[in-house]
Amino acid sequence: MNLRSTTVRFAGLVFLFQIIAGAVLLFGLGALLRSQSRDDAIRAAETMRADLLGTYAEGGTPALTTAIEMRTHRRIERSAVLFLSDARGQARAGNLARVPLGLVPTRTYVLMKVARPGHAAAEAMFLRAARLRDGGMLVTGTVVESERQLFAQLERATMLALILSILFAGFAAFVSTRLILDRLRATVATLGSVRRGDMSRRVPRDGASDAFGLLEDEVNLTLDRVEALNAELKLATDALAHDLKSPLTRLQFALESVARTVTEPAAQGAVDQALAESERLLVMIETALSITRAEAGIGRENFTPTNLAEMLETIVEIYAPMVEDEGRAIILDVAEPVEVPIHPQLMDQAIGNLVDNTLKYGAGTITLSLAQRGGCTIISVADEGQGIPADQRIEALSRFTRLDHARRGWGAGLGLSLVQAVAHLHGGSVELRDCAPGLKVAILLDSAPLDTPLRDTGPRGRSTRSLSDGRKYLDG
Amino acid sequence: MTQKILLIEDDPTTADFISGGLTEERFTVDRAANGRDGLFLATDGSYDCIILDRMLPGLDGMAVLAALRGAGIATPVIILSALGSAEDRIEGLTSGSDDYLVKPFAFAELLARIRLVIRRGHAAAAPETVLRCDDLEMNLLSRRVQRGGRQIELQPREFRLLEFLLRHVDEVVTRTILLEGVWDYHFDPGTNVIDVHLSRLRRKIDEGEARPLLHTVRGAGYRIGAQP
């Protein structure tokens, strides 16, 4: 469990507040009741004392003795404690045997445990003593034993309630965290499947207008906008394709019809070259469009489950004679058959581009490999040539850039960009790695489940990111 | 008997070039400049092949194709499209067309594909076990190839390539047709990858023979046949 995670913090906060609220409620109530009961007991004792002192002032000791006896015999105030002693401490009247040990005349009531005659056990009582003029002692008070026992029970109940409230607080924290996660899960899952190409997916709305509802609305509106922009881009590239290709078609037809009739060798060479150039122009336009569309995620609707091992086998077979004629070898390194949904045509083209690249710029044996590591399918093409220096690898993936040693060659530097665009279309990335000697270009296809954290797929951070965080797959 | 082709294409220049080229190749060509006229002509049903532009004013090419197939007309259809991206190609092929060509294309490529789809329509239903061309013989069951009694050892990939060629004797097959037909590979590597395959095959079949069977067709592709 990550203590820095927002959900854990939130759960902790909910838990803490629940505990505090429970404790305040339970202990506060106890304290309130206790002080209320103490006040009541003292007030009753004080009324009685004032009454008796009045009697003493009027009739002296005999009147007081009679009054005390009357009160104790009436047994109306069961909880009342009364005691009158003479100057030597001998009992004159009252329901105590003697002045309790340690009780001295004070201005306040003290809580003591004293055994009354006729009672089995000592009881808690509030007592106050007063010295009379004749040297005797008047003790007044209230027994609070039953209250004391009640409070003890209340305390036990409070502890039990507190323990329960801790459990409930933990449960509440768990449930509220789950609720948040559940509310967010739909949004995360929607964004994940949109990233993987299902542009029509939206977060289901239950009509709640809370913060989550706002987030869901905003996510859906953003996705609408992205989808609209994507559709516009598709339209624009379609139009561009049409506008560029129609004249190219006419050019090609014109050249072809000339090629069929021309007989002069010099003219034939020129026409052939013109045809080759127009074809090259076509390939460039086609590739540039493919890159743009793949980067925009157009084409995911045509993903088909494809056996990648068979696909690589086919590519090896197609290129083998050509590679052998160059005095090199092409081999296949497949650990297990892997079937994943891909865009077969674009993947054919991407891998074909990689093999073409090593034919043009690489050296030694070409190895096509297929592996699965950590939920990731890795298709790679490696050679034994001079590779690409580390500081030029990001540049190598950019559109229309060609590294110095390749500048003489054919093409417009779109090969690796297309490979990268195709990888992105499949939710993956491309890595270039030094094999010492040689270059290994790997296409990483992420087959991660829906609830894993989304990767940053921003166009800027992407190439550097894939170069750094993908390295762990290759080093293994 | 001349074969009749219906060309449904709105761009007049492209249509002129295609129909001009096809007439030169002794096809009879009818033209329609929009989907509605095209559909009207196509329902006649007497065509050997229909060439259909993907983007048409009025009725879109895919809609024309859907209407044709809906009406039970099985005439082979080749779709032409400026939309090169592979996803449109898949859409075209899954919607009932027989082939799909991306603009701009070489006329030779179109011609080869027209002949291919027309022949496919007339192909014998019975599966063949022995393919022949002149004195070259391929037994598909024993997987033996011989020419005039001489045994020819072929690698599996060469066997498949030769099998495809022998199923299209005397037809021009282009490099992309071979890539698609033999390997189901939909990307033209642009280099002479296919030429190397063919020259190896040629060495095994034609070397030392008086009459070569495997011919290169300039600007188009290859053809296997007894005729030079």
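The values are calculated or read from the model by the stated rules, or taken from the named source; none is laboratory data. Source: prediction; values computed, not measured. Using ideal geometry, Cβ is built from the backbone for each residue, glycine included, and neighbour counts are taken over all protein chains shown.
Just one of the numbered conditions (1) touching a Leu at 6+ places or on another chain (Cβ under 9 Å); (2) within 27 Å of A:Leu414 (Cα to Cα); (3) part of a helix (DSSP H, G or I) is not true of A:Met199: (3).
Pairing each residue of segment A:86-110 that is part of a loop (DSSP other than H, G, I, E, B) with any residue that is of a type in the set (S, T, N, Q) and buried (at least 16 other Cβ atoms within 10 Å of the Cβ), provided the two are 6+ apart or on different chains, yields C-beta distances under 8 Å for A:Asn95/A:Thr72; A:Arg98/A:Ser85; A:Val99/A:Ser85. Of all residues in segment B:173-223, those satisfying the criterion of being more than 14 Å from the chain's Cα centre (by Cα), more than 14 Å from chain A (Cβ to nearest Cβ) and in contact (Cβ under 8 Å) with a residue 40 or more places away in the chain are B:Ile205, B:Glu209, B:Arg211, B:Leu213, B:Leu214. For segment B:150-162, the set of residues classified as surrounded by 17 or more Cβ atoms within 10 Å (Cβ to Cβ) and under 23 Å from the mean Cα position of the chain (by Cα) consists of B:Arg157, B:Glu158, B:Phe159, B:Leu161, B:Leu162, listed by residue number. Within segment B:64-81, if we keep just the residues that are under 23 Å from A:Ser290 (Cα atoms) and buried (at least 24 other Cβ atoms within 10 Å of the Cβ), the residue that is modelled with the highest pLDDT turns out to be B:Ile79.
Residues satisfying the criterion are present in segment A:290-308 (criterion: touching a residue at least 24 places away in the same chain (Cβ under 8 Å), away from chain B (no Cβ under 12 Å) and among the aliphatic types (A, V, I, L, M)).
Every residue, every condition in (1) under 14 Å from B:Asp11 (Cβ atoms); (2) in contact (Cβ under 8 Å) with a residue 12 or more places away in the chain; (3) in a helix (DSSP H, G or I), yes or no:
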position: A:Lys234; (1), (2), (3): no, yes, yes
position: A:Leu240; (1), (2), (3): no, yes, yes
position: A:Ser246; (1), (2), (3): yes, no, yes
position: A:Gln252; (1), (2), (3): yes, yes, yes
position: A:Ala266; (1), (2), (3): no, no, yes
position: A:Glu277; (1), (2), (3): no, no, yes
position: A:Leu281; (1), (2), (3): no, yes, yes
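Determine whether A:Leu275 is under 24 Å from B:Val196 (Cα atoms), facing chain B (nearest Cβ under 10 Å), surrounded by fewer than 19 Cβ atoms within 10 Å (Cβ to Cβ) and not aromatic (Phe, Trp, Tyr). In short, yes.
With respect to the conditions (1) aliphatic (A, V, I, L, M); (2) surrounded by 14 or more Cβ atoms within 10 Å (Cβ to Cβ); (3) in contact with a strand residue (DSSP E or B) (Cβ under 6 Å, 6 or more places away or on another chain), A:Leu244 falls short on a single one, namely (3). Tallying residues that are within 8 Å of chain A (Cβ to nearest Cβ), assigned to a helix (DSSP H, G or I) and in contact (Cβ under 8 Å) with a residue 12 or more places away in the chain within segment B:1-13 yields 0. Restricting attention to segment A:130-150, the residues that are in contact with a Leu (Cβ under 7 Å, 6 or more places away or on another chain) and either of a type in the set (Lys, Arg) or surrounded by fewer than 19 Cβ atoms within 10 Å (Cβ to Cβ) (or both) add up to 2. Where helices (runs of 4 or more DSSP H) fall wholly inside segment B:145-221, the ranges with 3 or more residues that are charged (D, E, K, R) are B:156-166, B:193-206.
Entry remark, segment B:18-38: residues being in a helix (DSSP H, G or I) and buried (at least 21 other Cβ atoms within 10 Å of the Cβ) number 4 in total. Residue check: is A:Arg71 touching a strand residue (DSSP E or B) at 6+ places or on another chain (Cβ under 9 Å), surrounded by 12 or more Cβ atoms within 10 Å (Cβ to Cβ) and in a helix (DSSP H, G or I)? Taking the combined requirement at face value, the residue satisfies it.
Residue selection: B:Asp170 satisfies the criterion of being touching a strand residue (DSSP E or B) at 6+ places or on another chain (Cβ under 8 Å) and at pLDDT below 90.
When A:Ala267 is tested against the conditions (1) within 37 Å of the chain's Cα centre (by Cα); (2) more than 7 Å from chain B (Cβ to nearest Cβ); (3) of a type in the set (A, V, I, L, M, F, W, C), the lone failure is (1). Where strands (runs of 3 or more DSSP E) fall entirely within segment A:331-423, those with at least 3 residues that are at pLDDT 90 or above and under 42 Å from the mean Cα position of the chain (by Cα) are at A:366-373, A:376-382.
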